[in-house]
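Read through the structure below, which is laid out as structure tokens, and then see the notes.
Read the figures in this text as sums done on the coordinates, not as results from a lab. Just so it is clear, the structure is predicted and the values come from calculations on it, not from any experiment. When we count neighbours, we look across all protein chains shown, and the Cβ atoms used for this are built from the backbone with ideal geometry, even at glycine.
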Amino acid sequence: MAVAEPMTVAKPMPSAALPTTLDAWLARLEDAHPVGIDLGLERVAEVAHRMGLLDGPLAGRVITVAGTNGKGSTVAMLEALARAHGLTTATYTSPHLIRYNERLRLNGEAADDATLMAGFVAVERARLAGEPVSLTYFEVGTLGALWAMARQPADIALLEVGLGGRLDAVNVIDPDVAVVTTVAQDHAAFLGTDLAQIGREKAGILRAGRPAVLGSTALPASVREVAGELGAPVYALGEDFWWDESLPDPGLPLDNAATALQALALAGVELEQQACRRALLGVQLPGRMQWLGQWCLDVGHNPHAATYLAGRLASRPCTGRTWVLLAMLGDKDAEGVIAALAPVVDGWVTATLAGERARSADALAGCLADRGADVLHRAASPSAGAAWLAERLAPEDRVLVCGSFFTVGEVLEWLAQNPCKGQTMSDTSVNEEPR
């Protein structure tokens, strides 16, 4: 199932005790130490230096992508576009939906267990090669992925920021092109609620003299201010590049498609029209407007993302009911998500996520009751909610599953194991509703 970033810091461990399976490694990183997310680059940079990751270029070109929403779709389109132009790629994203291996993709394929474990071993040895350095689950994973990338440098390395930008572990690598997709409120406990400050944090991935691609027309002025302070040339959506109806629709936000094209061009790729068209029409990104028969799955978990989802659903009306299976973490803005989706929803099923950060189905139902919404069922888990809905769907109905990577990952697994009325895993293409 989907795994977000466990709130852990790894303890020193003798080499003789190194795990021998990927599951054992991940369990160790999850259980090592009960410490919260620890933003900052000093520890990561020290271990990266010991690993030799800062000694030379990670790849022929590096593109780093930050933003509140749209990072994953932008990176997916960058990868597809680069590969369509015959380039080798190495891609790091987070979190994953079902398998940790999804986080590192080498030439379009998820890394195997051996590659990931070799990276973890390299990190462990480096952080103990001197004064021991503590690292979080995400930091170990990031450094391990960077190590694997550096072993066989690709033409293009694509790095997705995990949280924020300036202090995120990914930012230890200097990009040749930096992309900021959107800026909205999310992760308030770490980034605050001031959009100007959030913008400055996202813009922390920009580098002096290197292109900054701004992928939204609604970014706070602080992003451009940071670029100006650094002397980073700005390429802004709606000013320096844009899209029109001739752009192939990948089933993902067209702003992000245009942003990916601009970033790749700035990375030195001579874009070819047919290759771009082939890439955009064939790009796949599980968990982002992913349709499987009557089921639509999207990891959106903040009001900005929910507004986009509502717009996509409204543009594709159905003759039956629109149900929402919603499960969210406790630190997310459930009220804002509900308010954004409510105009296009006929009925709701709430579900409880596992873990200390989770919000219960009852708590979500309370938020809905405050709006007078119709709560059809309260489920103990997302998979239980999916099972309840599957027995009650009419052929003309549809279901939106959203609220968290955890939610979508669990339901994707359930759907794979329980093909049901109106759904098979091969019914429709990813990111595209049947017309």
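Which is the longest stretch in the chain that no exposed loop site breaks, taking sites as GluC sites (Glu not before Pro) with a DSSP loop state and at most 10 other Cβ atoms within 10 Å? Don't jump to the answer; show the numbers that get you there.
Values: sites that count: 239, 245, 270, 356, 391.
Free of exposed loop sites, the longest segment is 1-238.
Just name one of 395, 353, 406: the one whose Cα is farthest towards the positive end of the charge dipole of segment 290-417 (beta-carbon charges, Lys/Arg +1, Asp/Glu -1).
Most positive-ward Cα: 395.
State the answer as a single residue: which of 415, 304, 169 lies farthest towards the positive end of the charge dipole of the chain, with beta carbon charges of +1 for Lys and Arg and -1 for Asp and Glu, about the Cα centre.
415
Using only DSSP helix segments of four residues or longer, with each worth -39500 (n - 2.57), what per-residue ellipticity at 222 nm results for the chain after dividing by its residue count and rounding to 500?
When only DSSP H runs of four or more count, the value is -11000 deg cm²/dmol.
With unit charges on the beta carbon (Lys/Arg positive, Asp/Glu negative), name the residue among 259, 275, 235 whose Cα is farthest towards the positive pole of the charge dipole of segment 233-293.
It is 275, whose Cα lies furthest towards the positive end.
Apply the Karplus parameterisation 6.51 cos²θ - 1.76 cosθ + 1.60, with θ equal to phi minus 60°, to every residue of segment 236-244 and state each ³J(HN,Hα) to the nearest whole Hz, in sequence, with x for glycine and proline.
Using θ = phi - 60°, the values come out as 10, 4, x, 10, 9, 8, 6, 10, 9 Hz.
Counting alpha carbon pairs within less than 8 Å and at least 6 residues apart, what relative contact order, in whole percent, applies to the chain? Show your work: numbers first, answer last.
On the way: 922 pairs, mean separation 72.9, N = 435.
About 17 percent, as a whole number.
In Å and on Cα atoms, what radius of gyration and Dmax does segment 9-282 show?
Radius of gyration, then largest Cα-Cα span, for segment 9-282: 18.3, 59 Å.
With contacts defined as alpha carbon pairs under 8 Å and 6 or more residues apart, what's the relative contact order of segment 301-384 in percent?
Working: 138 pairs, mean separation 26.1, N = 84.
Relative CO of segment 301-384 lands at 31 percent.
Taking neighbour Cβ counts within 10 Å as the exposure measure, how do 115, 68, 217, 136 sort from fewest upward?
On the way: 115 19, 68 23, 217 11, 136 26.
By the 10 Å Cβ count, ascending: 217, 115, 68, 136.
Where nothing but the Cβ of Lys and Arg (+1) and of Asp and Glu (-1) is charged, how large is the charge dipole of the chain around its Cα centre, in debye to the nearest 20?
Working: 34 positive and 51 negative charges, 59 e Å.
Around 280 debye, computed over the chain.
Return the whole-Å distance between the Cα centroid of segment 358-412 and the Cα centroid of segment 35-85.
After rounding, the separation between the Cα centres reads 34 Å.
Please tell me the relative contact order of segment 293-338 in percent, rounded to the nearest whole number, where contacts are Cα pairs under 8 Å and at least six residues apart.
Worked out over segment 293-338, it gives 62 percent.
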